[in-house]
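Input: a single structure, listed below in structure tokens.
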Amino acid sequence: MKQQLNIDTWNRKAHYELFSQFEEPFHSVCVNIDCTAAYRFAKSNSLSFYLYYLYQSLAAVQQIEPFKYRIENGNVYIYETINASTTVGRADGTFGFGYFDFHPTLQAFMDEAQKQTELVQSSTGLVLSDRTDFVRFSALPWINFTSLSHARMYAARSSEPMISFGKMTEQNGLKLMPLSIHVHHGLVDGLHVGQYIDCFQQLMNQQA
């Protein structure tokens with residue numbers, strides 16, 4: 001479900017019109033997320049840590065409205081629910097794209113995501129989608145990055161946020177993981193990115 005936003009009465013009209021003219025309208029930040037409590041919870045409950053933090057990341061998206069805005073055919077829409085498009089690694093070193101729907105409960109999400117993961121791992125090639133109701137997720141668990149860029153097809157004029165996770169390391173007893181966030185500046189400002197990071201961290205600190 002989605003609802004068209006009235007750009008003429010939107011308080012971000014000027015911002016949207018300005019940044020939508022840019023060849024590169026995306027801006028990005030990289031931060032470290034404290035995964036100490038989340039990692040302990042996932043392991044003590046025999047959960048995939050990756051799927052657990054992916055769920056919490058997606059749960060945070062649902063709470064920050066600008067992350068749910070999408071540009072389609074020159075119009076801006078607000079989606080009721082945002083899902084995940086994520087890379088899934090295969091045994092042969094390639095990857096495919098998995099599409100995981102968001103569910104309000106962790107167990108429902110984990111069950112569906114595990115099925116989709118196995119489906120991608122048993123397939124070949126890439127499965128592309130023209131949907132926009134998702135965040136483009138990726139994981140680089142081999143790299144403790146401090147910056148990150150993405151391959152982009154500028155002519156496509158996409159507006160979906162891109163969120164990437166890196167290698168978890170331990171520092172002073174804390175488990176830290178780099179997080180990269182790329183967002184369209186016509187839709188999302190630094191204020192909203194900060195709100196998202198704070199929300200994600202709070203969810204990662206929970207024990208359930």
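What separates the Cα centres of the stretch 182-198 and the stretch 100-118 is a distance of 26 Å. Each Cα pair under 8 Å and six or more residues apart adds its separation to the average, and for the chain the resulting relative contact order is 31 percent. Separation of the stretch 1-59 and the stretch 159-173, taken as the distance between their Cα centroids, equals 12 angstrom. Its Kirkwood hydrodynamic radius, worked out from the mean inverse distance over all distinct Cα pairs, puts the stretch 51-110 at 13.0 Å. With respect to the chain, whose longest principal axis is taken over its alpha-carbon atoms, helix 106-121 is tilted by about 90°. For the stretch 1-123, the spread of Cα coordinates along the three principal axes comes to 50, 33, 30 Å, biggest extent given first. The convex hull of the Cα atoms of the chain, projected and averaged over all directions, covers 12.0 nm².
If every alpha-carbon in the stretch 86-208 counts as one equal scatterer, what log10 I(q)/I(0) does Debye give at q = 0.11, 0.12 1/Å? Cα-only, vacuum Debye calculation for the stretch 86-208: -0.46, -0.56. For the residue pairs K13/K68; K115/K175; K43/K167; K68/K167, alpha carbon separations beyond 25 Å are given by K115/K175; K68/K167.
Expressed as a whole percent, how much of the Cα-Cα distance distribution for the stretch 152-208 exceeds 15 Å?
63 percent
Among residues other than T105 with Cβ under 15 Å from its Cβ, the summed charge is -3 (Lys and Arg +1, Asp and Glu -1).
Considering only DSSP states other than H, G, I, E and B, which GluC sites (Glu not before Pro) in the stretch 76-170 qualify as loop sites with at most 13 other Cβ atoms within 10 Å?
Those that pass, being in a loop and sparsely packed, are E80.
Values quoted throughout were computed directly from the atomic coordinates according to the rules given, and no laboratory measurement underlies them. Predicted, not measured: the structure shown is a model, and the values here were computed from it. Every residue, glycine among them, receives a Cβ derived from its backbone with ideal geometry; neighbour counts consider all protein chains shown.
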